[in-house]
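Trainee: The structure follows.
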Amino acid sequence: MILVSIGYAACHWCHVMEHESFEDSTVAAVMNDNFVCIKVDREERPDIDDVYMTACQLASGKGCGWPLNAFALPDGRPVWAGTYFPKEQWLKVLSQFNGMWVDDKDKLEAYAKQITSGIQQQDQIVVSDARNLHEDDARKMVDGLLKKVDMQRGGGKGAPKFPMPSNYLYLLSYHKMSGDKQAFEAVKVTLDQMAFGGIYDQLAGGFARYSTDDVWLAPHFEKMLYDNGQLLSLYAKAYQVNPSPLYRQIMEETIGWLDREMTDSSGGFYSSLDADSEGEEGKFYVWTDSEIDAILTPDEQKIFKTYYNIKVEGNWEDKNILHRSKTDQVLATELDINEDDLSAIIMSSKQKMLASRNERIHPTLDDKILTSWNALTITGLINTYQALGDPQYLQRALNNASFIKNNLLQEDYRLMRNYKDGQVKINAFLDDYAFLIEAFINCYQVTFDETWLYDAQNLASYAIEHFYDSSAKFFNYTSDIDPPLVARKKELGDNVIPGSNSAMARNLHILGQYFPETSFQEMSDTMLYSMIDPILQSGQTGFYSNWAILFLEKLLPTYEIAIVGKNSLDLAREMQNHFLPNAIYLGGDGEGSLELLQDKLQPGATMIYVCQNKVCQLPVSETNKALPQIKYLSN
């Protein structure tokens, strides 16, 4: 039999089981004598993880996590899967399946047949005909999401709490397009509470993967690139709606953390930081009261401890997780101190605390570079640039995009998924294509360099050729040039990371505006039409929120904002400083090659054209005249 153990570098319980069982000579002997043992990094091979995770869910009837340990027949068909097991229990599980392999292969074959059939039937969906889109359905999707939101603490109700960026991007877009105040309040309370919580690294910036409690205090301390790339986008767009200094601080500090700890000399971004150091979860991040006293002056101690809710007895396992509960304005009043002085003392104290923390043994870094996660971060950096206007953020994004083009993109537009130590080994999956297409479109919109847009178009064409299922009208997760697994699956839902099919459908919608002669728009329409009923019938918008964003983007005709002339980038920066969902940008010094730009250059002037369905309003030369031409349902 095959024994597949699937985990990832920052997974706490993966390391526990590795230490307890896989590195134990007695257990290892049992495993190696009786099974072909294969260890898989789920971040490098999410296709394998998806197959055996589905097997675990079918076998157990509930959700599963990592480490994921699956037993399979020699042809790869799973017979059973589970998660973490203590050493003695694991030995019993090994003995049970080895005994069945020796004495009752027919039962294992029956299990394999049943589970494999179940896996192959997953992700099936009925293709829907064209339909009209109604604002009432968008409202139902919002209601399905809002009823799950904790309006006091933000995030989902109860514990644990995960950042779910696309959920709040949907609510933010709906707020902008409809004027709904509750949708914005759900976003605001979530972003405010996350920024104040222990899930956010108050000293160095960057978010942990999730909070184990219902108040964002105690995180599962690993820090993942995919969370932070997406949260940059979310905070940036929320800042465009509500220019909060807190949101600016979060973006600036998170990018600072990316620069210091997560950026390879080649220009790529690393994948994650472990939760553990010195064998203890969170040890790197937490503080005793006396440790703080040893670093700060008495005056700094009082203010710092009040600011971050430090207790002598600790607030988590006898230690303190830094977190905030009050705004600077409120605390300055309570401490009888000028707000600027408070800010200066906190800044100075944070620098001292961070310098001391950096002397500790650091959590392990997973230094592999993944195309999809880097692409999400490119988009996050570009959105931050659009919100804050700092050209350094744009340059970081373009550097990373160039790194991917130079190292992971082949001449025929085939992508590779991973880069480590100068080597690329794994053929890319659909999410790599989807998020990179989005990133390249965004690179075009802030530079008006058409190379990025044509790269995005070519990537989409490659994905259609090698991933698209023409009968199902959706994309497979794996390419047709990959060795087949027991099932070729489709990723239909959205989760902490948007699903690859919803991301591709949004890409095709946008590319269809730029390239109307293609079939991109028609393909995107069919995908969305087929998902509307499953979203509405499930009432679980949180698992389809990127599809819901696409619904909004198609509900009204897209605004095509063309800016042509020598000052096109300056005016684009001014326009993009505003949150304008359902809008695309195009332009440049000249008319370029895009059909939408033809006959729009006026000698000696830079003009803004606000268009829908290729029909433009009167061109204007100032953004304050162009913005009123963009009207949503709330206008």
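The values are calculated or read from the model by the stated rules, or taken from the named source; none is laboratory data. Predicted, not measured: the structure shown is a model, and the values here were computed from it. When we count neighbours, we look across all protein chains shown, and the Cβ atoms used for this are built from the backbone with ideal geometry, even at glycine.
Trainee: Report, by residue number, each residue of the range 599-621 that is out of contact with any Pro (no Cβ under 8 Å at 6 or more places or on another chain) and either surrounded by 12 or more Cβ atoms within 10 Å (Cβ to Cβ) or assigned to a helix (DSSP H, G or I) (or both).
Mentor: Correct list: Leu601, Ala605, Thr606, Val610, Cys611, Cys616, Gln617, Pro619, Val620, Ser621.
Trainee: Just give me the residues in the range 540-591 being touching a Gly at 6+ places or on another chain (Cβ under 7 Å), more than 17 Å from Ser524 (Cβ to Cβ) and among the hydroxyl-bearing types (Ser, Thr, Tyr), in sequence order.
Mentor: Thr541, Ser568, listed by residue number.
Trainee: Can you tell me which of Ala375, Ala355, Ala401 is in the same structural domain as Ile255 (by TED's automatic domain parsing), at pLDDT 95 or above, farther than 29 Å from Val189 by Cα and part of a helix (DSSP H, G or I)?
Mentor: Ala401
Trainee: Applying the selection to the range 320-341, what residues are surrounded by 18 or more Cβ atoms within 10 Å (Cβ to Cβ) and over 14 Å from Ala195 (Cα atoms)?
Mentor: Result: Asn320, Leu331, Ala332.
Trainee: Let me ask another. Give the residues of the range 198-253 that are crowded, with 24+ Cβ neighbours inside 10 Å, closer than 28 Å to Asn577 by Cβ and polar (S, T, N, Q), sorted by residue number.
Mentor: Asn228, Gln230, Ser233
Trainee: I'm checking my understanding of the structure. Among residues of the range 513-538 that are hydrophobic (A, V, I, L, M, F, W, C) and either assigned by TED's automatic domain parsing to the domain that holds Gly587 or part of a helix (DSSP H, G or I) (or both), which one is nearest to Lys140 (Cα to Cα)?
Mentor: Leu536
Trainee: Same structure, new question: From Asp214, Asp227, grab the single residue that is assigned to a loop (DSSP other than H, G, I, E, B), assigned by TED's automatic domain parsing to the domain that holds Tyr270 and touching a strand residue (DSSP E or B) at 6+ places or on another chain (Cβ under 9 Å).
Mentor: Values: Asp227 fails: assigned to a loop (DSSP other than H, G, I, E, B).
None of the others qualify; the one that does is Asp214.
Trainee: I'd like the residue in the range 129-170 that is crowded, with 24+ Cβ neighbours inside 10 Å and of a type in the set (Gly, Ala, Ser) and, out of all such residues, is nearest to Ala548 (Cα to Cα).
Mentor: For the range 129-170, the residue satisfying everything is Ser166.
Trainee: Condition first: closer than 28 Å to His12 by Cα, surrounded by fewer than 16 Cβ atoms within 10 Å (Cβ to Cβ) and not assigned by TED's automatic domain parsing to the domain that holds Met531. Can you find one or more residues in the range 101-115 that meet it?
Mentor: The answer is no; no qualifying residue exists.
Trainee: All but one of (1) over 30 Å from Ala472 (Cα atoms); (2) in contact with a Pro (Cβ under 9 Å, 6 or more places away or on another chain) hold for Glu553, so report the exception by its number.
Mentor: Going through (1) over 30 Å from Ala472 (Cα atoms); (2) in contact with a Pro (Cβ under 9 Å, 6 or more places away or on another chain) one by one, Glu553 breaks only (1).
Trainee: Continuing with the same structure: Of a type outside the set (Asp, Glu) and under 16 Å from Ala456 (Cα atoms): which single residue out of Thr371, Thr333 fits that description?
Mentor: Thr371
Trainee: Now, a different point. Checking Ile481 against (1) within 26 Å of Arg45 (Cβ to Cβ); (2) β-branched (Val, Ile, Thr); (3) assigned to a helix (DSSP H, G or I): exactly one of these is not met. Which one?
Mentor: (3)
Trainee: Still on this structure: Would you confirm, using the coordinates I've provided, whether Lys87 is within 20 Å of Gln121 (Cβ to Cβ) and of a type in the set (D, E, K, R)?
Mentor: Here the answer is no, as Lys87 does not meet what is asked.
Trainee: So which of Thr558, Thr541 is surrounded by fewer than 22 Cβ atoms within 10 Å (Cβ to Cβ) and β-branched (Val, Ile, Thr)? If you could, list the steps in order and put the result at the bottom.
Mentor: Details: Thr541 fails: surrounded by fewer than 22 Cβ atoms within 10 Å (Cβ to Cβ).
Selected residue: Thr558, the only one of Thr558, Thr541 that is surrounded by fewer than 22 Cβ atoms within 10 Å (Cβ to Cβ) and β-branched (Val, Ile, Thr).
Trainee: Still on this model: Before we move on, is Val312 over 29 Å from Lys368 (Cα atoms), in a helix (DSSP H, G or I) and over 30 Å from the mean Cα position of the chain (by Cα)?
Mentor: no
Trainee: Looking at (1) over 21 Å from the mean Cα position of the chain (by Cα); (2) assigned to a helix (DSSP H, G or I), which is the only condition Leu169 fails?
Mentor: Result: Leu169 fails condition (1) only.
Trainee: When the range 75-124 is examined, which residues are found to be in contact (Cβ under 8 Å) with a residue 60 or more places away in the chain and of a type in the set (D, E, K, R)?
Mentor: Asp75, Arg77, Lys87, Asp123
Trainee: Surrounded by 16 or more Cβ atoms within 10 Å (Cβ to Cβ) and farther than 13 Å from Leu91 by Cα - does that describe any residue in the range 17-30? Before the answer, list the steps.
Mentor: Kept after step one, since they are surrounded by 16 or more Cβ atoms within 10 Å (Cβ to Cβ), are these residues of the range 17-30: 17-18, 20-22, 24, 27, 30.
With the extra rule that they be farther than 13 Å from Leu91 by Cα, the set shrinks to 18.
Scanning the range 17-30, I find at least one residue that is surrounded by 16 or more Cβ atoms within 10 Å (Cβ to Cβ) and farther than 13 Å from Leu91 by Cα, so the answer is yes.
Trainee: Show the residue pairs meeting these rules: Cβ distance below 6 Å; 6+ apart or different chains; first residue within the range 411-425 and among the hydrophobic types (A, V, I, L, M, F, W, C); second residue part of a strand (DSSP E or B) and buried (at least 18 other Cβ atoms within 10 Å of the Cβ).
Mentor: Listed by first residue and then by second, the contacts come to Leu415/Leu409; Val424/Met416.
Trainee: In the range 590-620, how many residues are without any contact (Cβ under 8 Å) to a residue 60 or more places away in the chain and in contact with a strand residue (DSSP E or B) (Cβ under 8 Å, 6 or more places away or on another chain)? Steps first, answer last, please.
Mentor: Applying the first criterion (without any contact (Cβ under 8 Å) to a residue 60 or more places away in the chain) to the range 590-620 yields 590-591, 597-613, 615-620.
Okay, now just the ones that are also in contact with a strand residue (DSSP E or B) (Cβ under 8 Å, 6 or more places away or on another chain), so 590-591, 597, 600-602, 606-612, 616-617, 619-620.
Summing the residues that are without any contact (Cβ under 8 Å) to a residue 60 or more places away in the chain and in contact with a strand residue (DSSP E or B) (Cβ under 8 Å, 6 or more places away or on another chain) in the range 590-620 gives 17.
Trainee: What tally of residues in the range 77-100 results from selecting those that are more than 21 Å from Tyr477 (Cβ to Cβ) and either touching a Gly at 6+ places or on another chain (Cβ under 8 Å) or crowded, with 17+ Cβ neighbours inside 10 Å (or both)? Give the steps one after another, and end with the answer.
Mentor: Step one: of the range 77-100, the residues more than 21 Å from Tyr477 (Cβ to Cβ) are 79-80, 82-100.
From the residues that got through so far, the ones that are either touching a Gly at 6+ places or on another chain (Cβ under 8 Å) or crowded, with 17+ Cβ neighbours inside 10 Å (or both) too are 79-80, 82-85, 90-91, 93-94, 97-98, 100.
Counting residues in the range 77-100 that are more than 21 Å from Tyr477 (Cβ to Cβ) and either touching a Gly at 6+ places or on another chain (Cβ under 8 Å) or crowded, with 17+ Cβ neighbours inside 10 Å (or both) gives 13.
Trainee: Within the range 414-433, can you find the residues that are in a loop (DSSP other than H, G, I, E, B) and buried (at least 22 other Cβ atoms within 10 Å of the Cβ)?
Mentor: Listed by number, the residues that qualify are Arg417, Ala428, Phe429.
Trainee: To continue, here is another question. Check Glu334, Glu317, Glu278, Glu291 and return the single one that is over 26 Å from Ile361 (Cα atoms) and of a type in the set (Asp, Glu).
Mentor: Details: Glu317 fails: over 26 Å from Ile361 (Cα atoms); Glu278 fails: over 26 Å from Ile361 (Cα atoms); Glu291 fails: over 26 Å from Ile361 (Cα atoms).
After applying the criteria, what remains is Glu334.
Trainee: Residues being in a loop (DSSP other than H, G, I, E, B) and touching a Lys or Arg at 6+ places or on another chain (Cβ under 8 Å): count how many of those fall in the range 29-77.
Mentor: Qualifying residue count, the range 29-77: 4.
Trainee: In a helix (DSSP H, G or I) and under 22 Å from Pro165 (Cα atoms), is that true of Leu492?
Mentor: Details: in a helix (DSSP H, G or I): no; under 22 Å from Pro165 (Cα atoms): yes.
In short, no.
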